[in-house]
1. Of all residues in the stretch 141-182, how many are crowded, with 19+ Cβ neighbours inside 10 Å, more than 17 Å from Ala36 (Cβ to Cβ) and of a type outside the set (S, T, N, Q)?
2. Looking at (1) surrounded by fewer than 17 Cβ atoms within 10 Å (Cβ to Cβ); (2) within 16 Å of the ligand (Cβ to nearest atom); (3) under 19 Å from Ile26 (Cβ atoms), which is the one condition that is false for Ser317?
3. Given the conditions (1) among the basic types (Lys, Arg); (2) within 17 Å of the chain's Cα centre (by Cα); (3) not in a helix (DSSP H, G or I), report the number of the one that Arg50 does not fulfil.
4. Filter the stretch 60-85 down to the residues that are in a helix (DSSP H, G or I) and either surrounded by fewer than 24 Cβ atoms within 10 Å (Cβ to Cβ) or at positive phi (or both) and list them by number.
5. Just checking, does the stretch 81-92 include any residue being under 30 Å from Glu294 (Cβ atoms) and either modelled with pLDDT of 95 or more or touching a Ser or Thr at 6+ places or on another chain (Cβ under 7 Å) (or both)?
6. Are any of the residues in the stretch 294-313 farther than 27 Å from Gly80 by Cα, surrounded by 23 or more Cβ atoms within 10 Å (Cβ to Cβ), within 16 Å of the ligand (Cβ to nearest atom) and touching a residue at least 12 places away in the same chain (Cβ under 8 Å)?
7. For the stretch 126-158, which residues satisfy the criterion of being without any contact (Cβ under 8 Å) to a residue 24 or more places away in the chain and not in a loop (DSSP other than H, G, I, E, B)?
8. Sort through Thr273, Thr266, Thr281 and tell me the only one that's at pLDDT 95 or above, surrounded by fewer than 17 Cβ atoms within 10 Å (Cβ to Cβ) and of a type in the set (S, T, N, Q).
Amino acid sequence: MKQNKNVFNNVLDLIGKTPLIKLNKITSDYKGDYLAKVEAFNPGHSSKDRIALYIIEQAEKKGILKPGNTIIETTSGNTGFSIAMVSIIKGYECILAVSSKSSADKIDMLRTMGAKVYVCPAHVSADDPRSYYQVAKRLHEETKGSVYINQYFNELNLQAHYETTGPEIWEQTEGKITHLVACSGTGGTISGTAKYLKEQNPKIKVIGVDAYGSVLKKYHETRELDTDEIYPYRIEGLGKNLIPTATDFDVIDEFIKVTDEESAHTAREIARTEGLFVGYTSGAAMQAIKLLNEEGAFKKGDKIVVIFPDHGSRYMSKVYSDKWMEEQGFFDSENVASIKKTQY
Ligand code: PMP
């Protein structure tokens, strides 16, 4: 169908080509220009639309997926929503094993989108039979004709961003991007995008955002999995307690860790300053920029692109709930005294 009238065949035609939006206030005291790649503009409201569509279409091309087949995945919510959305349009069953850390809103949304959802305990190791990895694996083995997306260990995850997010950012910045700052979960977004961008200009600096309680930063520095780094944290979708093979650590220059508390306040600050209602990890990515700025990482003329992975509406019962913030003790500490809840 002709696209010039803004008319589309179905919702999947709207995936990708997300806008790059200049940040004007939150970075006004910093050197350089800051542009946010706002992935909430995807129809499923997150960057995960890209990988769901790409991986499913690759499986169709290879003849692995046939109409009526079942698609299985582990997910913190966003990938599940995107797979459920693609499954509806393409006529597949969707089964999702999710972490109990996921917000109730996200789980309800997945069920609304027709997915069958299994909620699995968050704080067990990946090889525990109760973990969402093991549950998904078992369901895959038990369900005839099923496809397991396996986003943490599927190189097509990286490839989806290599073919879409990377070229989009390169074109949108007319090749002038100097830094990419992006969260790392599966690592598909950061490494796929970075791989493409570095092929165009190897000088582009790529900074991954990791959480305290996750192993990614340490692994990047030592190439060893240090289990002492692992402890529970609040941010969903960022960091990991294992090493995802979907991450190409070689295209990432450095990792920076951010806290649950500061990321939460920064997510709120993005809404307040830029009018952009984005998710918790967008707050984490912006928090990383604040820390990098304090280190003097940016100079005049730099063009810094930060990826905001999803929409704020998914966190109404968490970061955007004063009650939740209070329960976490996020309004207590002195360093956030200046941005108390009354301002929201
Ligand atoms: N932010 C959110 C909200 C996510 O759901 C994810 C995916 N787990 C990420 C960031 C990280 O993206 P990626 O998995 O591509 O590293």
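The values are calculated or read from the model by the stated rules, or taken from the named source; none is laboratory data. Keep in mind that what you see is a predicted model, and the values were worked out from it rather than measured. With ideal geometry, Cβ positions are generated from the backbone for all residues, glycine too; neighbour counts draw on all protein chains shown.
1. Adding up the residues that qualify gives 8.
2. (3)
3. (3)
4. We begin by selecting, within the stretch 60-85, every residue in a helix (DSSP H, G or I); these are 60-61, 78-85.
Once the filter is applied, which keeps residues that are in a helix (DSSP H, G or I) and either surrounded by fewer than 24 Cβ atoms within 10 Å (Cβ to Cβ) or at positive phi (or both), the stretch 60-85 yields Glu60, Lys61.
5. No, the stretch 81-92 contains no residue that is under 30 Å from Glu294 (Cβ atoms) and either modelled with pLDDT of 95 or more or touching a Ser or Thr at 6+ places or on another chain (Cβ under 7 Å) (or both).
6. For the stretch 294-313, residues farther than 27 Å from Gly80 by Cα, surrounded by 23 or more Cβ atoms within 10 Å (Cβ to Cβ), within 16 Å of the ligand (Cβ to nearest atom) and touching a residue at least 12 places away in the same chain (Cβ under 8 Å): absent.
7. Step one: of the stretch 126-158, the residues without any contact (Cβ under 8 Å) to a residue 24 or more places away in the chain are 127-131, 134, 137-138, 141-142, 144.
Within the stretch 126-158, Gln134, Lys137, Arg138, Glu141, Glu142 qualify.
8. Thr273
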